[in-house]
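The values are calculated or read from the model by the stated rules, or taken from the named source; none is laboratory data. As the structure is a computational prediction, the values presented were derived from the model and not from experiment. Cβ placement follows ideal geometry from the backbone for every residue including glycine, while neighbour counts extend to all protein chains displayed. Heavy atoms of the whole protein, side chains included, go into the accessibility calculation; ligands, DNA and RNA do not. Shrake-Rupley method; radii C 1.70, N 1.55, O 1.52, S 1.80 Å.
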Amino acid sequence: QVQLVESGGGLVQAGGSLRLSCTASGSRFSISALEWFRQAPGKQRELVASITSGGSTNYADSVKGRFAISRDNAKNTVYLQMNSLKPEDTAVYYCSGNPPPPLPRAWGQGTQVTVSS
């Protein structure tokens, strides 16, 4: 089993930046794909960014060019650098680890990001 804990959320003005961190316990971090999701009230959870065990990244169109996902396997941590934040980025952000089958996906508890105008 792996447990994920997010941190770094908060309140920021539009145009500002935040860096989210997600630290994992367990022994499967380095072989797991890692993802950041977000969910705003009344909306579906959406995939924001992902990074494979090999370091390949993908981003939702809505954040491409503004957000960057990275991982530090030595620290069992995945980051989401968020720049040029917009009010529509306001959501609870969750990290998720997706290890090889048959191990189940793991979720963090979420961290609130609020962007004011």
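If I model a spin label at Ser7 and Leu47 as a point 7 Å from the Cα along the Cα→Cβ vector, what separation in nanometres do I get? Taking the two extended label points, one gets 2.8 nm.
Computed over neighbours whose Cβ is under 13 Å from that of Ala24, the net charge equals +1, Lys and Arg +1, Asp and Glu -1. Solvent-accessible area per residue in the chain equals 53 Å², computed with a 1.4 angstrom probe and all protein chains kept. For the chain, relative contact order (Cα pairs under 8 Å, six or more residues apart, normalised by length) works out to 36 percent.
On the beta carbon distance between Ser84 and Ile31, with R0 = 41 Å, the FRET formula returns roughly 0.80. Take the alpha carbon gyration tensor of the chain, find the square roots of its eigenvalues, order them as a ≥ b ≥ c, and report rounded if a/c is under 1.5; if not, report prolate when a/b exceeds b/c, else oblate. Because a/c hits 1.5 or more and a/b exceeds b/c, the chain counts as prolate.
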